[in-house]
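Computed from the coordinates by the stated procedures, all read-outs in this text should not be read as laboratory data. As the structure is a prediction and not an experimental result, all values here were calculated from the model. In this analysis, Cβ positions are derived from the backbone assuming ideal geometry, glycine residues included, and neighbour counts consider all displayed protein chains.
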Amino acid sequence: MHVLVTGGAGYIGSHAVLLLLEAGHKVSVFDNLSNSSPESLRRVRDMSNSAPELFIGDLLDSDRLDSVLSQTKPDAVIHFGGLKAVGESVEKPISYYQNNVVGTLNLVSAMEKAGVKRLVFSSSATVYAESTQLPLVEDAQRAASNPYGRTKLHIEQILEDLAVSDSSWSIATLRYFNPVGAHPSGNIGEDPQGIPNNLMPFIAQVAVGRRSEVQVFGNDYPTYDGTGVRDYIHVMDLAQGHLDALDFLNTHTGQYVWNLGTGSGTSVLDVIGAFSRACGRQLPYKLVERRPGDIAEYYGDPTTARLELGWKAERGVEEMARDMWEWQSKNPAGYPDYDLDGISEEEINEFIRGSRATIAKQD
Ligand SMILES: NC(=O)c1ccc[n+]([C@@H]2O[C@H](COP(=O)([O-])OP(=O)(O)OC[C@H]3O[C@@H](n4cnc5c(N)ncnc54)[C@H](O)[C@@H]3O)[C@@H](O)[C@H]2O)c1
Ligand SMILES: O=c1ccn([C@@H]2O[C@H](COP(=O)(O)OP(=O)(O)O[C@H]3O[C@H](CO)[C@@H](O)[C@H](O)[C@H]3O)[C@@H](O)[C@H]2O)c(=O)[nH]1
């Protein structure tokens, strides 16, 4: 198949692009590189021995989307592109609604014009209303509590309406729980800008010496050790779920929703413990106040994905920590910073393909 991957240079997208190429698919990436580097795709090419083609473009530029879709005519689109920081979404709701909701509307409009009607969308467990009924099942009540979550909820509803309006669409909405870890080679991984918001990347930066200690946000939650409990999922398992969803969509029309999680929850203290074992030293931590807006505990029921897709998370928290440590210790400062000003898309693609040794690098 030929698959167009929006946001394919980013954290989860780059892992999915690698698996797609390894499975023999042709891959085009559409990304504005606002939160990613072409270095991830260069490394994906190194590992898979085949290069994705990068189209630098913004989901808000509908002309560009139309022309890339009509030029590439992919069999399917996997849509990772968008903004994802909860705190930032509270400060910049317009930007979040534009990039995520308007960006997705532009994408599906361009797909429709190009006659491409197979879509896998990155949703999030954040769309679930707070519930005491755990694990969360796909038809649990939805109610997002911040602008980021609301963008995902609105997009889910838009895609539902689209599938009802035209039965030739095949749409998979994948609700991710907490993606962590990296490819086991440590060549690609998560490279957050600034201070990481999420637990595992923060711990990884403590482990590598970039930060002094982990802050544990509250230890008086009604959970097994008082700290927050989440359903962490290895990014390689998550990426595989996209390939399985694509396979399913090849033979099914309509709109489907699947939880991608492990089905069990792990506490903050247990994640710190697993990472300490992975890096070989007890990582320092301090108990601080709860983070506003956090809930005590949630984890998903992945049974539907197992029954309908044959998908199941294979890796546990020890492997998530081990692979995250492999990435962080090999790349303590993340990917190198490239100044892409004045560098053409073709030059960046030459760099990804390996026919150009480097692109302008900032000191
Ligand atoms: N990482 C998580 O914890 C998590 C959890 C649930 C859902 N998701 C969703 O999964 C998807 C991928 O997440 P990720 O962690 O890989 O994030 P990421 O930021 O690493 O990747 C997103 C990619 O989209 C690109 N992008 C952003 N806005 C764009 C625009 N307007 N036009 C073109 N490209 C644009 C970025 O440059 C980046 O490469 C996102 O939609 C996110 O909301 C992530
Ligand atoms: O420095 C930190 C960071 C987090 N936590 C705790 O660790 C747990 C996990 O937090 P985090 O990694 O920030 O994940 P979530 O708050 O569960 O949110 C993530 O997972 C959701 C479900 O996929 C996504 O919707 C969100 O965008 C994404 O940020 C929570 O109990 C936090 O209170 C700490 O104790 N210290």
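Counted by neighbouring Cβ atoms within 10 Å, the residues MET324, MET1 run from fewest to most as MET1, MET324. Evaluated with a Cβ-only charge set (Lys, Arg +1; Asp, Glu -1), the range 110-173 carries a dipole of roughly 240 debye about its Cα centre, given to the nearest 20. Long hydrophobic helices in the chain: the complete DSSP H runs spanning 24 Å or more by Cα along their own axis with mean Kyte-Doolittle hydropathy of at least -1.0 are 147-165.
Give me Rg over Rh for the chain, both radii from the alpha carbons and Rh done the Kirkwood way, two decimal places.
Working: Rg = 19.7 Å, Rh = 20.8 Å.
With Rg and the Kirkwood Rh in hand, the quotient comes to 0.95.
Listed by Cβ neighbour count within 10 Å, with the fewest neighbours leading, THR253, THR262 appear as THR253, THR262.
When ASP66, ASP237, ASP225 are sorted by how many other C-beta atoms sit within 10 angstrom of their C-beta, beginning with the fewest, the order is ASP225, ASP66, ASP237. Excluding same-chain neighbours fewer than eight residues apart, the lysines reachable from LYS286 by a Cα-Cα span under 27 Å are LYS84, LYS330. Note on the chain: antiparallel DSSP beta bridges, both residues inside, total approximately 10 percent of the bridges counted.
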